1. Which one of Met147, Met126 is of a type outside the set (D, E, K, R) and modelled with pLDDT of 85 or more?
2. For Tyr353, only one of the following conditions fails: (1) assigned to a strand (DSSP E or B); (2) under 25 Å from Glu321 (Cβ atoms). What is its number?
3. Can you name the number of the only condition in (1) modelled with pLDDT of 95 or more; (2) open to solvent by 40 Å² or more (accessible area, probe 1.4 Å); (3) assigned to a helix (DSSP H, G or I) that Leu24 fails?
4. Restricting to segment 39-74, give me the number of residues that are modelled with pLDDT of 95 or more and either of a type in the set (Lys, Arg) or more than 18 Å from the chain's Cα centre (by Cα) (or both).
5. Is it the case that some residue within segment 229-252 is part of a helix (DSSP H, G or I), of a type in the set (Val, Ile, Thr) and out of contact with any Gly (no Cβ under 6 Å at 6 or more places or on another chain)?
6. For Asp179, which of the numbered conditions (1) open to solvent by 30 Å² or more (accessible area, probe 1.4 Å); (2) at pLDDT 85 or above fails to hold?
7. Where the second residue is surrounded by fewer than 20 Cβ atoms within 10 Å (Cβ to Cβ) and the first is closer than 12 Å to Gln304 by Cβ and lies in segment 265-276, which pairs have Cβ atoms under 6 Å and are six or more apart or on separate chains?
8. Assess whether Tyr270 counts as being in a helix (DSSP H, G or I), at pLDDT 95 or above and aromatic (Phe, Trp, Tyr).
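The values are calculated or read from the model by the stated rules, or taken from the named source; none is laboratory data. Keep in mind it's a predicted model, so treat the numbers as computed, not measured. Cβ placement follows ideal geometry from the backbone for every residue including glycine, while neighbour counts extend to all protein chains displayed. To get the accessible areas, we keep the full protein, side chains included, count just its heavy atoms, and leave off ligands, DNA and RNA. Shrake-Rupley method; radii C 1.70, N 1.55, O 1.52, S 1.80 Å.
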Amino acid sequence: MNFVEELKWRGMIQDIMPETEQQLQKEMTTAYLGIDPTADSLHIGHLVGVMMLRHFQRAGHRPIALIGGATGMIGDPSMKNAERNLLDETTLRHNQDSIRKQLAKFLDFDSDAPNAAKLVNNYDWMKDYSFLDFIRDIGKHITVNYMMAKDSVKKRLGAESNVGMSFTEFSYQLLQGYDFLYLYEHENCRLQMGGSDQWGNITTGTELIRRTLGHDAAAYALTCPLITKADGGKFGKTESGNVWLDRRYTTPYSFYQFWLNVSDADAGKYIRIFTALDRHEIEAIEREQSEAPHLRPLQKRLAQEVTVMVHSKQDYDAAVEASEILFGNATEDVLKRLDEPTLLSVFEGVPHYGIPHDELQKGIKATDLCVTTAPVFPSKGEMRKMVQNGGVNINKVKLTDSDTVINTDFLLNNKYILIQRGKKNYFLLISQ
């Protein structure tokens with residue numbers, strides 16, 4: 001597998017330094033990609049870089065994932081218009097451990113293969129490096145003129161920015177450049193990869209290597225495009241924020257739904273970037289999409305591949321099953337199997353009403369529950385009429401008698417009751 005050719009047809013190359021491809025064809029090469037440890041979970045914006053590392057390892061090369069413990073304490077000015085909050089070491093170590101577990105689903109860290117992946121943290125080689133030593137050893141090789149010419153610096157110092165840039169952030173590219181030099185010397189790392197916004201920082205590293213070790217020290221750079229949506233919106237953002245890989249922050253159901261609901265214009269691009277499906281299989285699915293776009297085979301396969309990869313086949317199956325509750329003919333058993341986070345994810349957009357727990361303990365007629373306690377129906381007469389016509393369900397079971405007594409036995413997860421009025425109107429009652 002030719003790594004560069006693989007990335008090209010997937011649309012994953014923005015910039016590549018001359019002779020990079022020749023280096024990769026010549027021998028097994030080590031490359032690294034930096035990951036910002038500002039949270040204890042990756043989000044789907046990180047997946048582009050992670051997939052680059054995965055393809056790199058599949059092509060027989062050796063990937064290094066670098067956790068930016070030191071640089072995370074400073075903050076990269078690239079694509080930012082303000083400084084970030086800085087993290088302490090305890091938080092950074094916790095975040096590193098959590099991120100490694102997620103990366104292990106994509107990369108082989110533990111085999112005896114010569115190209116087994118490695119996780120490093122630049123805090124480990126920066127924490128005891130004194131400021132004076134760093135400025136003397138590293139700072140003398142890169143001029144201020146060179147650093148000022150970088151886009152990330154020019155944008156922050158430009159007329160449109162009234163924020164400016166601290167020396168802390170100005171020094172970021174020097175620190176990232178040193179990471180490359182350190183890994184070049186200690187891990188035989190010849191290539192740095194990243195998003196296109198990192199091109200300036202990466203080339204600072206190649207320049208530092210050349211100026212420090214001599215012109216024969218060959219180092220390379222490769223970046224992928226920043227992923228965008230066809231409508232110009234920011235990829236990976238929803239109304240509730242980032243789409244995370246950790247189920248504590250984004251349930252597998254919501255994760256699955258994100259991919260399932262991407263536009264037709266984006267689905268073809270995303271399935272190339274975020275899955276390991278080969279070119280022929282993707283093109284076959286695209287033909288299916290063009291023949292029957294209403295069936296959305298691209299989105300369905302994309303959602304399946306990414307959900308299984310990030311979570312599990314079991315989580316994917318559960319997400320599909322949960323989707324049927326709103327959009328299909330799911331049964332009471334399916335509803336009862338949902339855990340609380342998934343239940344709340346499925347019914348996030350439907351009206352929620354609180355109901356007194358003590359009333360449920362005593363028992364309350366369905367009409368009183370759905371008219372007086374919670375305004376699911378405007379009147380008891382309207383509710384009775386719809387019940388007679390078979391249009392009311394409680395927990396996916398058809399209600400046949402308006403005077404049925406509802407009590408705590410009806411609670412899902414000991415807390416919720418789902419009312420369905422007609423085919424599409426849902427209401428979630430929450431015992432309080």
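1. Working: Met147 fails: modelled with pLDDT of 85 or more.
So the residue among Met147, Met126 that is of a type outside the set (D, E, K, R) and modelled with pLDDT of 85 or more is Met126.
2. With respect to (1) assigned to a strand (DSSP E or B); (2) under 25 Å from Glu321 (Cβ atoms), Tyr353 is out only on (2).
3. (2)
4. Going through segment 39-74 one residue at a time, the tally reaches 10.
5. The initial filter retains those residues of segment 229-252 that are part of a helix (DSSP H, G or I), namely 252.
Checking the rest, the ones that are also of a type in the set (Val, Ile, Thr) come to none.
No, because not a single residue in segment 229-252 is part of a helix (DSSP H, G or I), of a type in the set (Val, Ile, Thr) and out of contact with any Gly (no Cβ under 6 Å at 6 or more places or on another chain).
6. Answer for Asp179: the failing condition is (1).
7. So the pair list comes out as Ile271/Ile282; Thr275/Glu305.
8. Values: in a helix (DSSP H, G or I): yes; at pLDDT 95 or above: yes; aromatic (Phe, Trp, Tyr): yes.
Judged against the criteria, Tyr270 is a match.
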